[in-house]
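Asker: My questions will all concern the structure given below.
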Amino acid sequence: MLRVPFLSFHSQVVMNNLNPAWKTFKVSVNSLCSGDQDRRLKVRIWDWDSNGKHDFIGEFSSTFKEMRGVQWECINPKYKAKKKNYKNSGIVILNQCKMHSFLDYIMGGCQIQFTVAIDFTASNGDPRNSCSLHYIHPYQPNEYLKALYFHSVKSMTACCQLQ
């Protein structure tokens with residue numbers, strides 16, 4: 001299978017700094033790794049130049065799961081191949097990596113409306129049988145349709161009376 005790399009996130013540029021500290025940023029797990037926390041991510045670091053010819057500093061790879069309180073060596077493959085004493089182009093330290101859980105959203109005040117419906121259709125018999133509550137009569141509504149119609153008309157009437 002061929003995997004085409006794509007840009008998931010582009011940080012801000014830190015100007016004139018050999019030891020940059022990037023601002024905190026938020027990126028969704030979905031856009032970062034399509035929700036797959038085991039998907040391998042490649043981080044590439046560049047030195048920005050105003051003429052547009054940015055210098056490649058190095059790269060490392062990790063998964064989202066591995067990105068909790070870890071540091072990585074930023075490796076430039078060309079330097080590694082050419083220089084004997086090359087160790088790395090720097091260390092990248094991730095100070096914080098947080099993924100919110102469902103419970104975090106609920107505790108933060110997110111409200112959810114939940115509706116449950118139970119259909120006991122099979123217990124009421126075959127809709128082709130005229131004794132069934134679900135019988136589909138060619139000229140008149142069955143008991144369920146009558147109940148739905150009555151309820152919707154009653155709700156509309158109550159709504160109109162309130163206004």
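The values are calculated or read from the model by the stated rules, or taken from the named source; none is laboratory data. Not measured: the values here are computed from a predicted model. Neighbour counts run over all protein chains shown; Cβ positions are idealised from the backbone, glycine included. SASA here: full protein model, heavy atoms, side chains in, ligands and nucleic acids out. Shrake-Rupley method; radii C 1.70, N 1.55, O 1.52, S 1.80 Å.
Asker: Please pick out the residue among 39, 68 that is among the basic types (Lys, Arg) and over 16 Å from the mean Cα position of the chain (by Cα). Lay out the reasoning, then the answer.
Answerer: Working: 39 fails: over 16 Å from the mean Cα position of the chain (by Cα).
Sole residue among the options that is among the basic types (Lys, Arg) and over 16 Å from the mean Cα position of the chain (by Cα): 68.
Asker: While we're here: Does at least one position in the range 60-76 carry a residue that is under 21 Å from residue 21 (Cα atoms), assigned to a loop (DSSP other than H, G, I, E, B) and open to solvent by 100 Å² or more (accessible area, probe 1.4 Å)?
Answerer: Scanning the range 60-76, I find at least one residue that is under 21 Å from residue 21 (Cα atoms), assigned to a loop (DSSP other than H, G, I, E, B) and open to solvent by 100 Å² or more (accessible area, probe 1.4 Å), so the answer is yes.
Asker: Right, next: Please go through (1) in contact with a Lys or Arg (Cβ under 7 Å, 6 or more places away or on another chain); (2) in a helix (DSSP H, G or I); (3) of a type outside the set (S, T, N, Q) for residue 79 and return the number of the only condition it doesn't satisfy.
Answerer: Of (1) in contact with a Lys or Arg (Cβ under 7 Å, 6 or more places away or on another chain); (2) in a helix (DSSP H, G or I); (3) of a type outside the set (S, T, N, Q), only one is false for residue 79: (1).
Asker: Which one is farthest from residue 57 (Cα to Cα) among residues in the range 77-106 that are hydroxyl-bearing (Ser, Thr, Tyr) and open to solvent by less than 100 Å² (accessible area, probe 1.4 Å)? Spell out how you get there, then give the answer.
Answerer: Of all residues in the range 77-106, those hydroxyl-bearing (Ser, Thr, Tyr) come to 79, 86, 89, 101, 105.
Next cut, open to solvent by less than 100 Å² (accessible area, probe 1.4 Å) only: 79, 86, 89, 101.
Values: 79: 10, 86: 13, 89: 6, 101: 35 Å.
The selected residue is 101.
Asker: Where residues in the range 42-58 are within 25 Å of the chain's Cα centre (by Cα) and surrounded by 13 or more Cβ atoms within 10 Å (Cβ to Cβ), which of them is nearest to residue 19 (Cα to Cα)? Steps first, answer last, please.
Answerer: Kept after step one, since they are within 25 Å of the chain's Cα centre (by Cα), are these residues of the range 42-58: 42-45.
Restricting the remaining residues to those that are surrounded by 13 or more Cβ atoms within 10 Å (Cβ to Cβ) gives 43-45.
On the way: 43: 17, 44: 16, 45: 12 Å.
Per the stated criteria, the residue is 45.
Asker: Next question, about the same structure. Among the listed residues 35, 109, which satisfies the condition of being open to solvent by less than 70 Å² (accessible area, probe 1.4 Å), modelled with pLDDT of 80 or more and either small (Gly, Ala, Ser) or assigned to a loop (DSSP other than H, G, I, E, B) (or both)? Before you say what the answer is, go through the steps one by one.
Answerer: Working: 35 fails: modelled with pLDDT of 80 or more.
Within the list 35, 109, the selection yields 109.
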